[in-house]
Every structure is written in structure tokens, then in C-alpha cells.
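Taking it in order: structure first as C-alpha cells, then the write-up.
The values are calculated or read from the model by the stated rules, or taken from the named source; none is laboratory data. Just so it is clear, the structure is predicted and the values come from calculations on it, not from any experiment. Cβ: placed from backbone, ideal geometry, glycine included. Neighbour counts: every protein chain shown.
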Amino acid sequence: MAPPSTSGPSSVGSSFPKPPQEETSTVHGPEHEAQEQEQGQEQGQEQGQGQGQDQGLRGARWHRLLAWLARNTPGWLLLPLIHCSILLLYPFGGRGRRDLQRAQDAALGPAPAWKRHLRAYRTFVQFGWCLIERFELLAPGNSSSEDEAPLVDHTIEGLEAWKDLARSETGFLLITAHLGLWEAGSLLAPAFGQRVVHIVREAEPDPEVQAANRRLFDELGERTGGSYFVHFADGDPALGVTLLQALRAGEVVALQGDRPRQEGRPLTTTLFDQPYRLPSGPFALARSSGCPLVPLFVLRDGRRRARVILRPPIFVPPRQRRAPRGEDPGLQSAAATLATELETVIRRAPHQWFCFHNSFADPPGGARG
């Protein structure tokens, strides 16, 4: 069994040159110290210190359950079982649920506690559907409904721009976010131009989920005849060299662009009028290779239906020699453009934004869940 992953393609934030970090001043009060203490505890959980984070909704048990449902449950029974599973596990959502509620406060506005829980619950239902359909997509034949195609219907917005990219010999970076069926986007790339695709992923904090994901993507590579190569980001600088060579050879690199790595140096931009951190790695890689960043989002439109949204390429200009120390206007401009694209698509499907890790520079206002 190969349970689904929540981490998605990685931002590879520490494998490429990083812009100088801007200096900030901070006022430390009791509330700030409590917040820092909580964040430090949460970071320790992410690194495997203790029980691991969000074992209720992100751990191996949740993944095994959803994979089992995809394999053994008739289609008509999936939705009731998803609801039952979430009702049982939702109270154990912990930090992931709280970070999701903070992000939804920024995107949808503050709300009373009952409405914040309802919004989070609706998102977890979408998350369950996306993980099941992701499993069906990456491991065809394991579904209980083998007579159905993994995605029976999908539409593409921006198809002409996509065809232009496919006709060119230039490599490009597919940059996506934790939205909807995000991994379906990288699976579309070989359909236009038969490109080799390098998918970059963060390693899962749960060893069992990580081992299952490695098997899943190894099988995908075998089925596609080597069209896909999956790299797990572990801070190895050699990964940056590998991806740079792939782009210069006209290949495709697919990665996440909405969540910085913990040890990386992020770019701070604005999302929903809040300071928001994006990983600097994809922008540095695009600049070094001279290849564009292509925002690609895949929203779920219903049972095994998807809407692929391709946005105009983002080109990162060369670094300005006379830029003020600690500033990089080219990277900041590209990050702001991506944040605008991200905000637009989140507004279209706010309950498909799986923001279970806080990337806001300051947590949005609102009560905790």
C-alpha cells in the first residue's frame, strides 16, 4: 500500500543561492514570548522531537485509512466514510487545524469559533477527497472502481500558453501550491512535448509515509518509462546542480512554491494583505537557469474532475549590482507576482487551500481553534 502524502513537491529552499536576509526589529512582550515558545515547540515536533505533529490528520494512520478506502470502498460509500473519519480525527488535528484556521481568517475574514471550525471541516473533507483521488491517479488499478478513469474529465485554462511552452526547447519550472489536486499538474507535463519531469518533494516526517511515497513514485517512474524522476529534498547542495542541469537540457522541474523550508531563507511578500513567506529557492533556480517559472494549479471540480489553471510565465530578472544591501528587487518582484496568482486562485476555491503549516510572517488575527 502506498498512502498519500501531504507535503507535495518541495520548495528546495536551501539548495540554491539565497538572497540576503532583511533585518527586522521585534518588540518582545509576554504574548510574543509565548508565541515564540509555541512555535519552537511546533518546530521541534516537525523535526521528529516527540510524537510528531498532527498524527490524527497527517500521520500514517490517516494515510493508511484513506488508501484503504480508495482500494476497497464502492464509490457511493466514500463520502459518508470520509465524513465519519474526519469526525473521529478532527479533534486531534492540533497545530495543522489551528494553522489552517489562521490562514482562512486571512483569506475569508475573521469569524466566530463555530464558523471557523465549519470552514476547517469543509477543507478537511476536500483534503480527504483529494488524497483519495491522488492515490487513484498515481497508482491506477488500485481503485475500487477500476472501470473509471483516474480523471474522467478535466479542462485546461491557458492551453495556448501551455502549447507554446511545449513547442519551445527551453526548460521551465512548474510551480504550484498546496491547492486541490496539486500533483496532477506535474503529471500533465509529458502530455505536451514528451518532456522529462523532475518532481522535487520534501521528505515526510513520518518514516512509514515516506517509505510508501518512495515506493509509489518508483512505480510511477517504471510505468512511464523514465519520464519522471522524483528527488527528495534533504538539504544536499548537489540537488540544485542536478536540477539546474535538467533545466538547461530542456527538461521540466516541478516543485511547490508556497511553503519555505524550515532551514531556508524565505522571501517575504504579501498575501491577503498579510506578510507572507515564500521560498527563495525556486526563484533563485529560475534566475540561475534563465528559465521561467510557470504557475500551475489544479482545482478539484467534482468526483474525478479537475480544472487545470496555467498562468503566464514569470521571469526573474538578473540581480541588480547597485541594489541596496540586503535587498533583491528582482526576486521580490517575482515573488509578489506569484503571490498575486496564488491569492487569485485561492479565492476561487478557498476550501481547497491546504495550508496546514503557517507561512504568514505574523499569524493573522482571529481566535485560535
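Only residues that are more than 27 Å from Ser168 (Cα to Cα) and assigned to a strand (DSSP E or B) were counted across the stretch 291-303, and they come to 3.
Does Val196 satisfy the condition of being surrounded by fewer than 21 Cβ atoms within 10 Å (Cβ to Cβ), of a type in the set (A, V, I, L, M, F, W, C), modelled with pLDDT of 80 or more and in contact with a Ser or Thr (Cβ under 8 Å, 6 or more places away or on another chain)? Yes; evaluated as a whole, the condition is true for this residue.
Among the residues of the stretch 273-320, those identified as among the polar types (S, T, N, Q) and either within 14 Å of Thr176 (Cβ to Cβ) or out of contact with any strand residue (DSSP E or B) (no Cβ under 7 Å at 6 or more places or on another chain) (or both) are Ser288, Ser289, Gln320.
Scanning the stretch 86-97 for residues that are surrounded by fewer than 22 Cβ atoms within 10 Å (Cβ to Cβ) and modelled with pLDDT under 85, we see that the one that is nearest to Val125 (Cα to Cα) is Leu89.
For the stretch 265-290, taking the residues that are assigned to a loop (DSSP other than H, G, I, E, B) and surrounded by fewer than 24 Cβ atoms within 10 Å (Cβ to Cβ), the one that is farthest from the chain's Cα centre (by Cα) is identified as Gly290.
Taking the stated definitions as given, is Thr344 among the β-branched types (Val, Ile, Thr) and touching a residue at least 60 places away in the same chain (Cβ under 8 Å)? Full working, then the answer.
Numbers: among the β-branched types (Val, Ile, Thr): yes; touching a residue at least 60 places away in the same chain (Cβ under 8 Å): no.
It is false that Thr344 is among the β-branched types (Val, Ile, Thr) and touching a residue at least 60 places away in the same chain (Cβ under 8 Å).
The set of residues in the stretch 65-118 being in contact with a Gly (Cβ under 6 Å, 6 or more places away or on another chain) and among the polar types (S, T, N, Q) consists of Gln101 alone.
Among residues that are in a helix (DSSP H, G or I) and farther than 30 Å from His154 by Cβ, Leu244 is included. Of all residue pairs spaced 6 or more apart or on separate chains, those with beta-carbon atoms under 6 Å, a first member in the stretch 127-156 that is over 20 Å from Cys84 (Cα atoms) and among the β-branched types (Val, Ile, Thr) and a second member that is modelled with pLDDT of 55 or more and crowded, with 19+ Cβ neighbours inside 10 Å are Val152/Arg304; Thr155/Arg307; Ile156/Val308.
Among the residues making up the stretch 312-369, those that are of a type in the set (Asp, Glu), in a loop (DSSP other than H, G, I, E, B) and either surrounded by fewer than 14 Cβ atoms within 10 Å (Cβ to Cβ) or modelled with pLDDT of 90 or more (or both) are Glu327, Asp362. Taken together, the residues in the stretch 199-216 that are at pLDDT below 75 and within 23 Å of Leu244 (Cα to Cα) amount to 1. Checking each residue in the stretch 129-175 for being at pLDDT 70 or above and hydroxyl-bearing (Ser, Thr, Tyr) picks out Thr155, Ser168, Thr170.
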